[in-house]
Structures are given as structure tokens and as C-alpha cells.
1. Search segment 366-403 for residues being part of a strand (DSSP E or B), of a type in the set (Val, Ile, Thr) and touching a helix residue (DSSP H, G or I) at 6+ places or on another chain (Cβ under 8 Å), and hand back the single one that is farthest from ARG330 (Cα to Cα).
2. Among the residues of segment 249-265, count how many are touching a residue at least 40 places away in the same chain (Cβ under 8 Å) and either buried (at least 19 other Cβ atoms within 10 Å of the Cβ) or within 18 Å of the chain's Cα centre (by Cα) (or both).
3. With GLY608, GLY591, GLY598, GLY579 as the choices, which residue is touching a Phe, Trp or Tyr at 6+ places or on another chain (Cβ under 8 Å), small (Gly, Ala, Ser) and over 23 Å from SER493 (Cα atoms)?
4. Looking at the structure I just gave you, is SER508 outside any loop (DSSP other than H, G, I, E, B), under 37 Å from the mean Cα position of the chain (by Cα), among the polar types (S, T, N, Q) and within 27 Å of HIS644 (Cβ to Cβ)?
5. When the residues of segment 782-806 are narrowed to those that are under 26 Å from the mean Cα position of the chain (by Cα) and in a loop (DSSP other than H, G, I, E, B), which ends up modelled with the lowest pLDDT?
6. Would segment 674-683 turn up any residue that is in contact with a strand residue (DSSP E or B) (Cβ under 9 Å, 6 or more places away or on another chain) and either over 23 Å from LYS619 (Cα atoms) or buried (at least 23 other Cβ atoms within 10 Å of the Cβ) (or both)?
7. With the requirement that a residue be in contact with a helix residue (DSSP H, G or I) (Cβ under 9 Å, 6 or more places away or on another chain) and either among the aliphatic types (A, V, I, L, M) or part of a loop (DSSP other than H, G, I, E, B) (or both), what does segment 91-131 give you?
8. Return the total of residues in segment 728-746 being buried (at least 20 other Cβ atoms within 10 Å of the Cβ), within 15 Å of LYS770 (Cα to Cα) and not aliphatic (A, V, I, L, M).
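The values are calculated or read from the model by the stated rules, or taken from the named source; none is laboratory data. All of these numbers come straight from a predicted model, not from anything done at the bench. With ideal geometry, Cβ positions are generated from the backbone for all residues, glycine too; neighbour counts draw on all protein chains shown.
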Amino acid sequence: QSCWVLDGYDEFRWKFHRQTEPLDVEEPLPVTDLLSGLLNRQLLPGSTVLVTCRVRDVSDFDGLPDKSSDVNSRKTNPERAVSLLNQKWNKPDMQKFAKSLTKCPPLSVLNLSGGQWDEETLKTLTQFVPKLTITEKITLNGSCTSVEGLVVLTALLSECPSVSDLQIRLQNPVEASRLDVSSSVTMVTEALSLIRCLTDNQRVTCVEFSPQTESFIMFDGVKAEEVKCRLTDNQLEDEGVKFLIDSLPKLQISSCINLSYNRLSRQGLMGVATTLSTCPDVSDVETSLGEEKRCLIWFRRQDESGKSLRISNGSLERDHLISLAEIVSRCPSLTRLVLKNNTLQWEWIETFIRVLTCSQRGLTVSVEESWIGSEEAVSLAHRCLQLNKNISTLRIHQTGLQLSLMNSELTSLRSEAAIPAQSATAIVSLGDRIQLPLVEGFTHQFPQLTELDFSTDRLGVEFLSSLLPSLPNLTSLSVGIKERTPAVVEELSQILLQMTLIQRLNLSGHSISDAAAQSLTELFPRLRSIGLSCCVWSEDGGLQLIRALRRSKHLEELCLDAALQLKENSWECLAEALGNMTSIQSLKLDGWRMDDGGIQQLIKIIPGWKRLKKISLSKNVISDASGEKLLDALKSCSLLEELHLSSNFLGDLTAASMSLVLPSMTRLAVLDVSVNRFGKDGSVSLAKAVRSLTNLRKIHLTSVGTSELGVVAASLGKCPFIQDVGLGWNHCGDDVVLELAKILPLCRDLIRLDLECNSVSSAGLAVLVKALQSCPSLQIIRLWKNNVSVSEAQRFSQTERRLSFSSM
């Protein structure tokens, strides 16, 4: 088997003739017979003969045996470009041709387009590529007929060092949706080479490489912002990850890159953080060196502006914090920095705060450590104010400290000098065991303390009685103390009457005597927020408080959940008061057992609430017909962000009204209609409504009366910001899970998915688990009480850590 190249047909055309008589190969042959015998296949019929000639001379070869259907050759200097088009070769044919080609002189271009070869034929060709001397390229347009064949070509990136670029065009690209490249890519440089080859293809949505699981490329007709890359479990370590980071500007990954479980060190972690300043399109970075070993790089979505950085379980040291401060200074668009459980020492935090700078957009820094208790938080906050004059707001919340920084040059417009840090606004929520002397000293350190939250604490009334008079600037107070006797609120109410700046008051869960109720009514006219959920009072005391709400014309937030022991006419009094509240933004009336009569009164009022952002009417007795009218009334509340209607008697009529009304609520972020009575038609209506809610963050459809929620699950693909999905206790089958598997790659912010008490099988769960590879933000999927055996549950849990089969 050999290859004959007859270069320059002009030189020997006169020697070529049609050979009809058999040749005697035992006798010497003249050149004329030799050339003609080769072309007529009488000599060496198994060999390949390549002839270079002018296009005008192609007809000279008509009628020759085994002539190619299209022969188009051109002569180049100093190397040749050869085209053999539309060759319908099988594996033996390709093997014969490739072996012959290895004996040919160097070629610049080999064009084998139009072959339409199967996987085995292509594999035969690729085995010979390393042995060929081709200096520029091999063109195979139309010769790869399947995704499997494409995988064979992809392997050249790792098997043949001389192959530096791979450009692929499938014959029928719309038919290919998934390309398996498992075991074809072994190095990060190879992965990047392949990614670069695919960046021009607008159908590529996801690229995943992993030695632990299969590696693949996903194709679909989707928007460019959904393209992602997964490189988990590849042991890239710092060097490989740095190579990727340096290549980011050249890649067109526009959703996220998942680099989890790649043996990053603390230094490598800091390198990933630098992408916020070196790559303009990177919007968020999340890293952790703890058990999860997460490393995610998110890319900017349309209309996003600020950037964020979250580092947890990083075991950072002082030098790392200094480097981090430098990264912040180089990234003016960074607006949020979260440091959680990084074993930071007190002195290191002080150093970090001292050197930290911020841009005109401001920066919020959160620091959480297990050793930070209430006393440590107070002392650390005081020290931070002394070290950095740019602190504008300070929040202390149990084991954490949150600082909001604003460039002092911008905050000092009211005066020539920068505003001193001591005038920063302070918002404090203190934990248990806080000592009175510490808090008293704290109030002197923070004269601008405006918000104080004791809702989770166990403090005595004497403590607050001593503390509150020393806080003249307090505007917001939330109190939860161990003594819930009527005397507590009586004493507090007298103190609060003297605090003229109080605007927001939360006394939920307390026992309120008639005398305390009378004192509180004097506060109501100047309050903008009132929280009295689950309070205990007499019928007269409760009615007195509700009547006093009629004077709260400027009230913005009202929470009266589970208001018990009320007289029959209490609702009429409340409805009258609500009618006067034209500034209301948040209303919570859960557990009132409100029937259709009460809802009808509320429906008359709602159209006047143009500023309403949140309404919660859960655990009432709202019928389906009343729910329909309620939704119709809410259509005037275009600013609505949260709608809570769980535990009522809503059905398909209400769902149909939702499909008409909710599309106009472009800001709606939370929808909770759990524990109601929807049917199949209601499910379709809900899906129509959800598809239009592009800002939806949370949807709870727990126990809604139907298992046919597949259309709703599919509609979530139109909600790019969705974070929390509840579909538990509906007996949903695999059809719902399969729809979820399709949309999960589109939900980059999804954190929680509840599928408890459904009918999901192991087969359906397997599909869902595979889809989870493209959803790195997801933290937990609840799967308690499904059709998955204990052994299968254990197997799935070992494969995917985010699955939870327990009831907790």
C-alpha cells in the first residue's frame, strides 16, 4: 500500500494514454506505460494516486476506475494543498488511505470534507494524524456525522501535541444537545483550548470537565448569559486555577465557573478573589476551604452593578487580610464583602479595618467568628470606629459585626472636615448573657445608636429601664425579654413616652394590660411601624389599641398576627383604621380567621394603598370567590413585593385571577399560597402567572391540593433570580422532577428546593442529580418521604452532598 503523487500534470500529460492491453510487469516498462498503468489501476491497484492538475484538465481523467466524484487540486509552493471531497470511505478504506498518506511529502492543507464518516472511520483517521506531516490544517467539513464522531475529534487536543486548534461544524447542529468528552481532556490547558473553540458557538450553554464524573458540553438555543463552565474535582490546584484566571478575559463564559474541589490553598483563594478587579464581567466570587471547598465565579447579568465577595472557612491570616484590603481598593465596584468563620484573630481584624478603603459607591463588610460574643462585638465595634473614619453605619448581631463604609470625602459635604466616626449610625441586636455595665459603656461609645433589637434575648425589665433613658437618639426598638408579665409593658410604655424620636416599636408576644394599652395608644400617632403579633390582652384592652390605630395615619408597617381575645366588632374598627392608612407599606394579619365578610371590607380599602409592598393574610378563612376578588383589588398595588395567602380555601378561581393580575406586579419577589385547594386548571393558571414574575425570589406551593405541578415547575425557568422553591406534600411524581431538571441550569441563584412528601422515584431523582451539576448555588434539596429506598438514599447522598432525606 503506497501513495503516488503525480505533481505537475502539464509535464507528463503527453505520456498518458488509455491502457487497454494487459501489461507484463515482469518486463521493463516505459514511463508512458508506468504512468498510465497506475492511473488505469493495472499497476498497484491498492495504492492511492494523487494528481495535481489544472481545472481545465480534470476531464482527461473521466472514465478512470475508482476516480473520486470530486477532485479539486491546486499546486502551492513550497508545500501542497490536497482536496479529496465526498469520499464515502469505510474503516478499511480510511486505513489504507491514511497509511499511504504517511509516506507522502509534506502537505500544507488536507481537505477531506463531505465524507460523512462514522465514528470508527474518524477514529482510524485520528490514529494516523500524529504521523502525518501537515503544516496548516485538516478540513473535515461535513465529514463528522454524529456527536460521537465529534468526541473522537476532540480527543486530538490531548493525544496529538501538534493539534493546537479545533474548529467544528456539525452537519445538523440542531440535533446535537449534549457532547460527552469524558476521558478526552486531562489538563487545564486542554480544557481551555476546547472552551476557546466553543466560545463562538452561540448554542453552547454549559461546559463541564470532571475526572470523577462524566464530562460534557451542552448545546441549546438559549441566551448568551446562560453559558457556564464546571471544572470541579479536577485537582487543578493553585497553578491550574491561576492559568484559568489569566485566561478569563479570552473566554466567553457569561454565567458562572465552578472550580470547587480543586485543592486550592489560601493563596490560590486570594488569586480567585482578584478576578473581581481584573475581569470587568465578574460580579460575584464565593470561596470556602471548609468541608464544601466551594469556589464559584459568577458573571455579571444585565442591569447588575455592584460586586460581592464571600470567603468562609478560609483559615486566613494577617497577610491574607492585607492582600484582601488591596483587592478591595482596586475594585471600586465591590459593594459587599462577607468573611465568615475564617479563624481571624482580633488584632488581624483591627489591621484589616484600619487599611480598608472604599469607593463612592460604599462598601458593606460582614465579619462572623465563633469567638465573637456580645461583649467582644461591642468592644470590637468601638475599636473599628476609632480606626476607620469612613464607617457610616455599624450593626452588631450576636456573633457578627457589619460595617457600612462610605468615602468620608462624600459624607462630609455638610462640613469642611470629615464626619467623625463617632457619629456613625449604630444598629444593635445583642445576644444572651450581655452584662449591664458593658451596655451602659456601649451607649457612651455609640451616641448615635438608632436601632436596638432585644427580640432574641432574655433581659429583665430593670435592665431596659436603666438602659433606654440613656439612648436619646433611639428610633427603633424591638423587645423580647424573659419577664412577660403585664408589668413589663406598663413600665416600658412610660419610658417610651419620654423618648420622642421612637418611630418603630415591636412588642410581639407580650402581655399587655389595660393600663399599658392606654399608655401605648398615646404613642401610636407618631409611630411608623407597630408590631403586636401574638400579644395577650383583655377584650377591652385589645379594642382600645385597635381603635387607637385610627389616629395612625402615617403608619407604614402593621403586624397584628394571631390577635386573640377580641370583641366581635374589633374587625370593623380595624377596617375603619386601615382605611385611614394611605401610607401603609406592610400589613400582616395572619390568623385572624377572617371570613368573606371581613375580606369584602378589606377589598374596598386596598385600591387606595398605592405604596403597599407586602401583605400577609395567611391562616384565615378566605374562600375561592373572595380570593378572586382580593386579587382583582390588588392590581392597583403595582409596587407589591410579597404576597402571602397560605392556609386559606383558595382554588382555581383565585389562580385564574393571579394569571391576570400578577404579570403587572413586576417587583413581586415572594409568593406563598401553600395549603390551599388548587386543581389542574389552577396549576396551569399559576404557571402562567409565574412565567411573568422575572423578579421572583421565593415561591411556596406546599400542599396546594394537586400533584400536577409540572407546568409550574417548567415556568420557573423564566424566573432567573429564584432562590427558594417549596413543592412539598403534593404527591408529585417524576414528571415534576424532570421539569425541574430542565430548568435548574437556568436558576443560578437557587439555594433551597423542598420536595418533601412526594412520589419521586430513584429514576427521577437520578435525572435531577445529574442536573444539579449545573446548579452550584443550590445548598439543599429536601427529599424526606419519597419513593426512594434507604439504600438508594444513602447512595445518592454519597454522590450529591446537598440531598437531605431526613425530616429535619
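1. Here the answer is ILE396.
2. Initial filter on segment 249-265 (touching a residue at least 40 places away in the same chain (Cβ under 8 Å)): 250-258, 260.
Subset that is either buried (at least 19 other Cβ atoms within 10 Å of the Cβ) or within 18 Å of the chain's Cα centre (by Cα) (or both): 251-258, 260.
Residues flagged as touching a residue at least 40 places away in the same chain (Cβ under 8 Å) and either buried (at least 19 other Cβ atoms within 10 Å of the Cβ) or within 18 Å of the chain's Cα centre (by Cα) (or both) within segment 249-265 amount to 9.
3. That would be GLY598, the only listed residue that is touching a Phe, Trp or Tyr at 6+ places or on another chain (Cβ under 8 Å), small (Gly, Ala, Ser) and over 23 Å from SER493 (Cα atoms).
4. no
5. So the residue we want is ARG801.
6. So far as segment 674-683 goes, no, none of its residues is in contact with a strand residue (DSSP E or B) (Cβ under 9 Å, 6 or more places away or on another chain) and either over 23 Å from LYS619 (Cα atoms) or buried (at least 23 other Cβ atoms within 10 Å of the Cβ) (or both).
7. Hits for segment 91-131 are MET94, ALA98, LEU101, THR102, LEU107, LEU110, LEU112, GLY115, ASP118, LEU122, LEU125, VAL129.
8. Within segment 728-746, residues that are buried (at least 20 other Cβ atoms within 10 Å of the Cβ), within 15 Å of LYS770 (Cα to Cα) and not aliphatic (A, V, I, L, M) number 3.
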